[in-house]
1. Scan the stretch B:165-199 for residues that are in contact with a Leu (Cβ under 8 Å, 6 or more places away or on another chain) and in a loop (DSSP other than H, G, I, E, B) and jot them down.
2. Please enumerate the residues belonging to the stretch A:61-73 that are charged (D, E, K, R) and either part of a helix (DSSP H, G or I) or under 16 Å from the mean Cα position of the chain (by Cα) (or both).
3. Given the conditions (1) within 8 Å of another protein chain (Cβ to nearest Cβ); (2) buried (at least 23 other Cβ atoms within 10 Å of the Cβ); (3) not aliphatic (A, V, I, L, M), report the number of the one that B:Phe108 does not fulfil.
4. Taking the residues in the stretch B:25-56 that are part of a helix (DSSP H, G or I) and closer than 21 Å to B:Ile242 by Cβ as candidates, determine which candidate is farthest from the other protein chains (Cβ to nearest Cβ).
5. Wholly within the stretch B:200-299, which helices (runs of 4 or more DSSP H) include no fewer than the required count, namely at least 1 residues that are within 14 Å of another protein chain (Cβ to nearest Cβ), touching a strand residue (DSSP E or B) at 6+ places or on another chain (Cβ under 6 Å) and of a type outside the set (D, E, K, R)?
6. Among the residues of the stretch A:50-79, write down those that are surrounded by 16 or more Cβ atoms within 10 Å (Cβ to Cβ) and within 14 Å of chain B (Cβ to nearest Cβ).
7. Report whether or not A:Asn224 is of a type in the set (S, T, N, Q), more than 14 Å from A:Met112 (Cα to Cα) and within 8 Å of chain B (Cβ to nearest Cβ).
8. If you take the residues in the stretch B:57-73 that are in a strand (DSSP E or B) and either farther than 19 Å from A:Cys228 by Cβ or in contact (Cβ under 8 Å) with a residue 60 or more places away in the chain (or both), which one is farthest from the other protein chains (Cβ to nearest Cβ)?
Amino acid sequence: MSKSVLQLPVIERAEAARQVVRLTLQAPEWARAARAGHFINLLVPGRRDLLWRRPFSVHRADRSRGTIDLLVARMGRGSESLAECAPGDHLDAIGLLGNCFPFDPGLHEIIMVAGGIGIAPFDLLLQDVQGFSCKKSLFYGARSAGDLCRSTLWAESGAEVHLTTEDGSTGSRGLVQDELRRYLGSSANHAGRVIYGCGPTPMLAALREMALALGIKGYVTVENRMACGFGACVGCAVELAEARRDGQKYLLACKDGPVFPIEEILFHD
Amino acid sequence: MTDLRVHIGSLVLDNPVLTASGTFGYGSEFADFFDLDRLGGIVTKTVTLEPRPGNPPPRICETPAGMLNSIGLPNVGVEQFKLEKWPFLSSLHTAVIVNVAGRSSQEFADVVAALEAVKGIAAYELNYSCPNVKEGGLSFSSDARVAAEVTARVRAVTRRPLITKLTPNVTSIGEIGRACADAGADALSAINTLVGMAVDIRTRKPRLSTVTGGLSGPAIRPVALARVYELVRRVSIPVIGIGGIATAEDALEFIIAGAAAVQIGTAGFVHPDAALRVVEGLEDFCRREGLANLAQLRGSLQL
């Protein structure tokens, strides 16, 4: 699908969790085409002092209604302003951008691992795999119970959900990667499993280590700073674990990703 | 219809709007968004003799009405450029200006020599002034004698129009521009980015892996305009204005100050069709003002 710039009407706005707003945007073409991993790049309305657009994963797509959902976490000036959008506003968006999580119907279990706002692409992934019989396990960690963006799709898709919070207010106390480590440690056979990760860098680094140690295939989506989102600024470099023969040492999060095979790239704080 | 054509040496552009090197990839990145042939021309990302991986992340940082970058000229090298990038560029009707850089004046000449057999290149732009390359691209344009030597070395290997791109990070851009004009440049383009820096106060780390980088965007436009005005008064060859230009109004400021053409850079990251909007805005302005051609506007600054 070719990339375009669209003015998207905001249809709904809801508080998804403490400091996280869910925006529903009218975008029929993108709703049809979006797969988990795809993102759009939004201009921050009324903030000409903020030069760049802000990238957001497509969180959910309602293909019959022609809408997409985004999760906007209040992280800084740009996301603060975007979180204040109201139904009736229009957002200037570039999309669809990036690649998506690969899915092999022959898999036995897909293991989604989300840290904080890293939950964003996994609703769409659950939508995408709903018709397949593989086991769906979601490991989702946040600081506290109020920070979790809960979803009706978890039950609808039959996913087994493992929640963790750092303060123990819901689910296991601790970090999501530790919960995953316990889960993986309980079985010796990892054939047919795949890990999909999205979240903070230390979490991704831990996933990488686990996946490599246990021989589990894995993919992660990264959220680097980017000035454009479509391969022109070359600012969102991701370091390759091994330089290519032609000397290439970096890939671009926006164009080569944001989804990468977990063994292919390195994570730095 | 106003005649927007401009002459850069022997090159005739349909209109004065070009894209700035390092902000427009090799054209194809923008092909989904608009018809590239509506532009006066495209200036490619820098091509070097050997492939370069670029700098480690973080490479960019947003600043008030601007951004810092330290990309480090990643590119596939001139031979792969010909194989991978040129086929798309050569399919365009708009002028394609290939931006080149080297570690020495000899290397500049070698890259250009390697491109001479490629049919359809409209001109070369010499990137003396990228502040983010370790070997010191900066040094080529911070010393008038060295700057002139590079231009002269390249001049000796090509008859194609030659544009020397200048850095603002010098005491006298006018003196350096003059030396390059005397050494055979057909035009000057200015400015490249201004050296800048930002710090994350939480981690106390610099926001860029290379500590300092190049500032671009609307924040630098008045600085760029002053430098372009300085150059226009010092040289008789065309000057191409670059720096924070995002709209036709911005471009008009440069043209009124004496610029022959302009380049759109950072604005295209945010609005991919920014350069096209500048073309359309210039057409509208000229129609409204009843101008027959751009020469009526160029250098018309009222003092």
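The values are calculated or read from the model by the stated rules, or taken from the named source; none is laboratory data. It should be emphasised that the depicted structure is a prediction, and the values quoted were computed from it without experimental measurement. A quick note on method: Cβ atoms are made from the backbone with ideal geometry, for glycine too, and the neighbour counts reach across all protein chains shown.
1. Hits for the stretch B:165-199 are B:Leu166, B:Thr167, B:Pro168, B:Asn169, B:Gly184, B:Ala185, B:Asp186, B:Ile191, B:Asn192, B:Thr193, B:Ala198.
2. Answer for the stretch A:61-73, where residues must be charged (D, E, K, R) and either part of a helix (DSSP H, G or I) or under 16 Å from the mean Cα position of the chain (by Cα) (or both): just A:Asp69.
3. So B:Phe108 meets the others, but not (1).
4. Among residues in the stretch B:25-56 that are part of a helix (DSSP H, G or I) and closer than 21 Å to B:Ile242 by Cβ, the one farthest from the other protein chains (Cβ to nearest Cβ) is B:Arg38.
5. Filter on the stretch B:200-299 gives B:274-289.
6. The answer is A:Leu50, A:Leu51, A:Trp52, A:Arg53, A:Arg54, A:Pro55, A:Gly78, A:Ser79.
7. The answer is yes for A:Asn224.
8. The extreme case among them is B:Leu68.
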